[in-house]
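The values are calculated or read from the model by the stated rules, or taken from the named source; none is laboratory data. Because the structure is predicted, anything quoted here is derived from the model rather than measured. FYI the Cβ positions are ideal-geometry reconstructions off the backbone, even for glycines, and counts take in every protein chain you see. Each accessible area value is taken on the protein alone, full model and side chains, heavy atoms only, with ligands, DNA and RNA left out. Shrake-Rupley method; radii C 1.70, N 1.55, O 1.52, S 1.80 Å.
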Amino acid sequence: MRTVDPDVWSKNVKKPILNLTRPMKFGLNEVSNVEVRLRKSFHEAMVEFLRNCSAEGLGFVLDKNNSNLIRLFYLALLLITMICGLILVTCNIHWSFHRPRLMVNLKSDRNPIQKIDFPAVAICSHNVISRSALHDYAKYLYSLDRNNIFTLEEIKQNLLAFGALQSKSYLPYDFRFVKYLEEVAHETNITNILYKLSPKCESMLERCSWRAQRVKCLELFATRISNIGFCCIFNSRFSRVDRNNPPHKVNLVGMDAGLSVVVRENTDDFMHVLRVSDGVEVILFDGYQFPLIKAGIIRTYSASRNFLVSLKLNAQVQEAASSLLGYRDEWLRCTAPRGAQSVQRSWSWCAGRCRARAALALCHCAPHALQPLDYELPQTCSLEHLPCLYKHKEKFTFMYPGERVHESLSEEKQDSVSCLHCRMNCDRRQYSAELVSAPLSRNMFLNTFFKGLDLTNTTIITVSFEKKNQHLYLVEPGLRWYEIVAAISSQCVFVVGLTAISVLEFIYHLTFRWYHHYTTHRQRDRILGKLRKPQPFDAFV
């Protein structure tokens, strides 16, 4: 039975449902006025941009006077071209960021030697402990011992075990001897003990000449520590006491214009050797670098006894461009010069600290030869650490080469210290030399520098430049940021058809013009709202 007329019923149903509760309003397509204004203003701004854009294709698509089929075809072609262009630009950006960061260019092959720092020259003996120095120090300790805890020979045997800290071998010792040194001699510095036992430069270096002038050897050389022990080093600046010294340079080429040294060693003075060798070891390196033998920028040469050894230098100077200072080292993949901290940020210093921390992790101590690199290391390796150092001595022999290396480096991968976080210096001086040696003979010397020289157990070392000019290389960024922007812009113009003007137009319509349309719609809504609001006299109508 129907109680409501169908016409009236249908009209009631079509009326909007009002006064709904909040849960019943959920899901209705009701849009706020702010959202409507945002959509309309954005739509009008984009339509205005497409109609007035400097790109010809966008205006052609929106022009309704053209054929719809042509407009559709042109729009599809434009979209496909833009997609291909964006893919190409993305690939080029990816390639530019994965290409080599730096490029090394030959700046000049006529760099005069007057502008090149002479290399630091280290003369290192394979004799770690001198017989005479051992006897003198043992006699001094024996004179301090009032209770005669150790005999003179026992003191010598225990002091001889300190040489194993350098060679990382194992020698028997009395575990009470370290405490004996602390109580009797009040000596706990391992570096000082080994220095007192090592051969001195004044006994090794007999004559020295620099730039054709005979000079006292102690004015040129100083005893400094390296990772193979104490060496007589010339022109070094890696130590704090030498950091302010100006580097030595030469102004002429030839043997007489460089460095000449006469080295004499007494073979009977050898008590503990680093390795069996007939002669001394000559190390050439940049004076700012720490003389770490395993470093790639350090060159070592053997100078045999009773020989004249001539080292004819060849320098490769690599300078970093000033533009590198604006980049991070992680991006450059090398260490850029940073003023006074360049010395501490060199590759050899980083590798030395890395090895010291590896020994600290394995044996809870740091070797004395690496102590000057970091003064915050808690403990220096002493005699009680000898078994641990001997056990892990292979770890301190090799540097970890990385994963993607040849199978012949399997031993280096297994027994080595990983210092992959250390980076090479962007600017560096790498020295190499051609070694020429000849047996000593009295008939071969016409120079007054060698007059009256005793040739017994003598090695004569000369270090000099052979050429007046050396190569100078400049390290520059492979692709600067503005070059990347220029390349991307040119690709966008060629492939997509957009220019910098088009981008500025888009930004303008997306900001200023969009805000103009938004405020226009807001003012329009306010005017319409006032017109729809009932006037006061409408209540009486």
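For the range 434-455, name all the residues that are open to solvent by 80 Å² or more (accessible area, probe 1.4 Å), over 30 Å from Pro112 (Cβ atoms) and without any contact (Cβ under 8 Å) to a residue 40 or more places away in the chain.
Keep residues of the range 434-455 that are open to solvent by 80 Å² or more (accessible area, probe 1.4 Å), which gives 434, 439, 442-443, 446, 448, 451.
From the residues that got through so far, the ones that are over 30 Å from Pro112 (Cβ atoms) too are 439, 442-443, 451.
Arg442, Asn443, Lys451, listed by residue number.
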> Does Phe118 satisfy the condition of being surrounded by 10 or more Cβ atoms within 10 Å (Cβ to Cβ), touching a Gly at 6+ places or on another chain (Cβ under 9 Å) and modelled with pLDDT of 75 or more?
Replying inline: yes
> Quick check, is Phe60 open to solvent by 40 Å² or more (accessible area, probe 1.4 Å), at pLDDT below 80 and under 30 Å from Val317 (Cα atoms)?
Replying inline: no
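Any idea which of Ile155, Ile129 is closer than 28 Å to Gly352 by Cα and either open to solvent by 20 Å² or more (accessible area, probe 1.4 Å) or modelled with pLDDT of 90 or more (or both)?
Residue meeting the stated conditions: Ile129.
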>> Pairs please, first residue from the range 119-143 and in contact (Cβ under 8 Å) with a residue 40 or more places away in the chain, second anywhere and open to solvent by 60 Å² or more (accessible area, probe 1.4 Å) and in a helix (DSSP H, G or I), Cβ atoms under 6 Å, 6+ apart in sequence or on different chains.
In response: Tyr137/Lys196
> Hey, among Ala340, Ala356, which residue is at pLDDT 85 or above and either hydrophobic (A, V, I, L, M, F, W, C) or assigned to a loop (DSSP other than H, G, I, E, B) (or both)?
Replying inline: Ala356
>> I'd like to check which helices (runs of 4 or more DSSP H) are fully inside the range 113-217 and have at least 2 residues that are charged (D, E, K, R).
In response: 131-144, 152-160
>> Kindly evaluate Val253 against the criterion of being part of a strand (DSSP E or B), touching a helix residue (DSSP H, G or I) at 6+ places or on another chain (Cβ under 9 Å) and either in contact (Cβ under 8 Å) with a residue 40 or more places away in the chain or open to solvent by less than 20 Å² (accessible area, probe 1.4 Å) (or both).
In response: no
> Which ones in the range 467-501 are modelled with pLDDT of 70 or more and either part of a strand (DSSP E or B) or buried (at least 16 other Cβ atoms within 10 Å of the Cβ) (or both)?
Replying inline: Asn469, Gln470, His471, Leu472, Tyr473, Leu474, Val475, Glu476, Pro477, Leu479
> Can you find even one residue in the range 207-221 that is surrounded by fewer than 20 Cβ atoms within 10 Å (Cβ to Cβ), small (Gly, Ala, Ser), under 25 Å from Ile116 (Cβ atoms) and at pLDDT below 95?
Replying inline: yes
